[in-house]
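Here the structure comes first, spelled out in structure tokens, and everything after it is commentary.
Just so it is clear, none of the values below were taken in a lab; they were calculated from the coordinates. Quantities reported herein were computed from a predicted structural model and do not represent experimental measurements. Here the Cβ is made from the backbone with ideal geometry for all residues, glycine too, and neighbour counts use every protein chain on show.
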């Protein structure tokens, strides 16, 4: 008997979650290492936040939507997935190589524009990293297409394990060896902490590339120019979509140093970037879900009941993400120790950023109507409008309100994208979402959080016990209304579809 597709989605999400949620959580353990070793007032973590924001934008440019395009064309009738893979790899690889060459040639002017004249190697190292990441993105997509979550997770965890191990050595072990046996550490510079973060990333990314040697054999299938033309026609709106989407995530961190220049801007950006990391549990859930859900939706597009499944999954997604919101906010007394106390003044951004991430996840769920109907330009329009809202809020209000304006800018930007995609999507390709239930869970979680702030007991233990009651209220209500019904997913789905 064929495996229930919804159960397969859940099992794949669990495995992908091993690499994205658990794995990236382990990687996020580097944040306390960085924040406790790099003081907020130094601005060093602001540099890390700023440059990694650029890599997110550049990765969207260098992949130009080819991950989704690869899925779309590999799942078309009479398609050749191997030829699609080789065409995608050669195209993305060529663009990435050209990008590295251009950065190397124009490194001086680029550093002058970005303000990294004192450390030009930072920019060049990050350029090579993002080029490798872009090439690997297509290879990871191939693993997802082939339903190979085990290898996917293994390679992701390999990077994370190497990255954590090398960072622990650089920040905790190397300084002691340097003090006791300086002759053995001629390569080590105790004042180059920020630079070592980038060097370690480059080494780890390079090593992971070797894990794809079996997949690289598909390059011999060559470049299909006629296929490439069709893929580029499909993907260029996705490029606009990706750029606008990633700008919603990183624009505040990129433009902050231009709005608030100098050390002050780096210090504030470091505080904001560190606190945002606490809120990123929501992004981890969304990413793990996306890795499994994207190939699932494209692979089941021809299923007549796929829209009912999308509606069910949307509701479950909102329930899970709002539980995550409640868990983080109710146990902030614990989570805040994830970063150094010198960064705690920025904790007030966390609930706003977490809700913005919920909106982004809902927007991703809504995005399939234009991806499946090949109307990807709509996604670019929605994300472009959202990005314009975000940038406007940042440039208008950051000078007065600082990084709080960044948080509200992301909230408004993703909120606009979510609403527009739903309104247009219900006219173009309607899906029977339970909007009332979705809004209820969002409003209920936020209301419980605000209610918990009205009275805060003095002791931390008392506060945690008090807040646990609110979290349990949400879980119990969700269980009674919906979760109980989907324990037996197959039976529940069949009953829904009969009606």
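Here are some notes:
- Cα centroid separation, region 393-456 to region 39-74 (Å): 23 Å
- This ranking places 129, 170 by how few other beta-carbon atoms lie within 10 Å of each, fewest first, which gives 170, 129.
- Computed [θ] at 222 nm, helices only, for the chain once each DSSP H run of length n ≥ 4 contributes -39500 (n - 2.57): -26000 deg cm²/dmol
- Distance from region 79-129 to region 164-218 (C-alpha centre basis), Å: 21 Å
- For region 329-477, the convex hull drawn through the C-alpha positions has a volume of 137 cubic angstrom per residue.
- Highest-first arrangement of 214-227, 415-428, where packing means the average Cβ count within 10 Å: 415-428, 214-227
- In range of the label at residue 118: residues from region 161-190 whose backbone nitrogen is under 20 Å from the point 7 Å along Cα→Cβ: 188-190
- Residue-normalised convex hull volume from the C-alpha trace of the chain: 166 Å³ per residue.
- If you model region 343-423 as an ellipsoid using its alpha carbon gyration tensor, with each semi-axis the square root of five times an eigenvalue, the axes come out at 27, 14, 7 Å, biggest first.
- Placing dummy labels 7 Å off each Cα toward the beta-carbon, the span from residue 78 to residue 397 is 5.4 nm.
- Largest-first ellipsoid semi-axes for region 85-210, taking √(5λ) over the Cα gyration tensor eigenvalues, angstrom: 30, 23, 9
- Relative contact order %, the chain, counting alpha carbon pairs below 8 Å whose residues are six or more apart: 23 percent
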